[in-house]
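The values are calculated or read from the model by the stated rules, or taken from the named source; none is laboratory data. Just so we're clear, the structure is a prediction, and the values are computed from it rather than from any experiment. Cβ: placed from backbone, ideal geometry, glycine included. Neighbour counts: every protein chain shown. Accessible surface areas use protein heavy atoms only, side chains included; no ligands, DNA or RNA. Shrake-Rupley method; radii C 1.70, N 1.55, O 1.52, S 1.80 Å.
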Amino acid sequence: MKKKTILLTGASRGIGKAIYRKLKNSYNILAPTREELDLSDNVSIDAFIGKNKNAGIDIIINNAGINFPQWIEEITDENINNIFQINLIAPIRLIRGFVGNMKKNKWGRIINISSAFGIVARGKQTLYSASKHGINGVTKALALELAQYSILVNSVCPGFTKTDLVVKKNSPEKIALLEKDIPLGRLAKPEEIANLVEVLVSDKNTYMTGSCIVIDGGFI
């Protein structure tokens, strides 16, 4: 059987890297570098779509995202533009550019990697939480729009996850405090998020669409 083709953004580290490793043997994965696809630049996005319009993409996993926590008075126009561009606008443009092949084949999977902060929020997360609530809205709307083509659209909403970036940005003491807020008492492993994505993109998922699935160790 011919392998299905996945477009995966943000595959170089963290959750994206774990997803890539989990799926690479079963799928053809298009995992562009930033030089190949700069999500902060719509010209780059459109060029990438044009170059790969015949790639036969069956599955889109919008994983790339950024977060710059700031109190409301500190928020800069640059961060407003960057966070919404990368976390929300770029995924919409990629879906728009590649969904045609899925509609033609009457089969597809779209996974938006959101966040627990797309369900709840906390201080200094105004922009990030707004962008992740937004991508969950995209998920719900597209699930309705694309159901007639057997395209399933879901969000995965991880809680605190033990990625290199989280470890680098937080002291052991801060991580210990975060873990106290999690009933399971630890951060998620990136591989645990990848396990969920593996099920959602596969033929094992035949009926779940429009869901924002929280995987947070009980944090919420």
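Shown for the chain: the carbon plus sulfur share of the solvent-accessible area, taken with all protein chains present and a 1.4 angstrom probe, equals 53%. For P(r) over Cα pairs in 10 Å bins from 0, in percent, the value calculated from this model appears in [x] 8, 27, 22, 13, 17, 11, 3, 0; [y] 8, 34, 38, 16, 3, 0; [z] 9, 37, 37, 14, 2, 0 under label [y]. Taking a ≥ b ≥ c as the square roots of the Cα gyration tensor eigenvalues, region 29-146 comes out oblate, since a/c reaches at least 1.5 and a/b does not exceed b/c.
In the assembled protein chains, Val43 presents an accessible area of approximately 110 Å² (probe radius 1.4 Å). For region 9-78, the gyration tensor built on C-alpha atoms gives an oblate shape. Its axis ratio a/c (a ≥ b ≥ c) is at least 1.5, and a/b is not larger than b/c. Mean residue ellipticity at 222 nm, helices only, the chain: -13000 deg cm²/dmol; runs of at least 4 DSSP H residues each add -39,500 (n - 2.57), and the sum is divided by the number of residues. Taking amide hydrogens as placed 1.01 Å from N in the peptide plane, the amide H of Cys212 sits under 5 Å from those of Ser155, each at least 5 positions away in sequence or on another chain.
On average, how much accessible surface per residue is there in the chain, in Å², for a 1.4 Å probe, leaving out ligands, DNA and RNA?
52 Å²
About its Cα centre, the chain has a charge dipole of approximately 860 debye under the convention of +1 per Lys or Arg Cβ and -1 per Asp or Glu Cβ, with nothing else charged. A simple spin-label model places the labels of Trp107 and Arg21 2.9 nm from each other, with each point 7 Å out along Cα-to-Cβ.
Reported to the nearest whole Å, the Cα centre-to-centre distance from region 121-139 to region 183-220 is 18.
Shown in residue order for region 156-162 are the 3J(HN,Hα) couplings computed by the Karplus curve 6.51 cos²θ - 1.76 cosθ + 1.60 at θ = phi - 60°: 10, 10, x, x, 5, 10, 7 Hz (x for Gly and Pro). Within the full protein context, the accessible area of Thr161 is estimated at about 10 Å² for a probe radius of 1.4 Å.
What are the membrane-span-like helices in the chain by this rule: whole DSSP H runs, Cα extent along the axis at least 15 Å, mean Kyte-Doolittle hydropathy at least -1.0?
Helices passing the filter in the chain: 90-105, 126-146, 190-201.
Compute the signed sum of charges (Lys and Arg +1, Asp and Glu -1) over the other residues within less than 12 Å, Cβ to Cβ, of Ala18. Mind showing how you got there, number by number?
On the way: positive: Arg13, Lys17, Arg21, Lys22, Lys24, Lys162, Lys189; negative: Asp164, Glu191, Glu192, Glu198.
Local net charge: +3.
Using a probe of 1.4 Å, the accessible surface attributed to Tyr149 totals some 50 Å² when neighbouring protein chains are kept in position. Multiplying the residue separation of Ala47 and Leu178 by 0.36 nm and removing their Cα-Cα distance gives an extension gain of 43.1 nm. Near the amide H of Leu30, within less than 5 Å, lie the amide hydrogens of Ile6, Leu7, Leu8, all on another chain or at least 5 residues away, with H placed in the peptide plane.
Amide hydrogen proximity for Ile66: with H placed 1.01 Å from N in the peptide plane, the residues at 5 or more positions away or on another chain lying under 5 Å are Asn87.
Going by accessible area, probe 1.4 Å, with all protein chains left in place, what is the ranking of Met1, Met208, largest first?
Of Met1, Met208, the descending order of accessible area is Met1, Met208.
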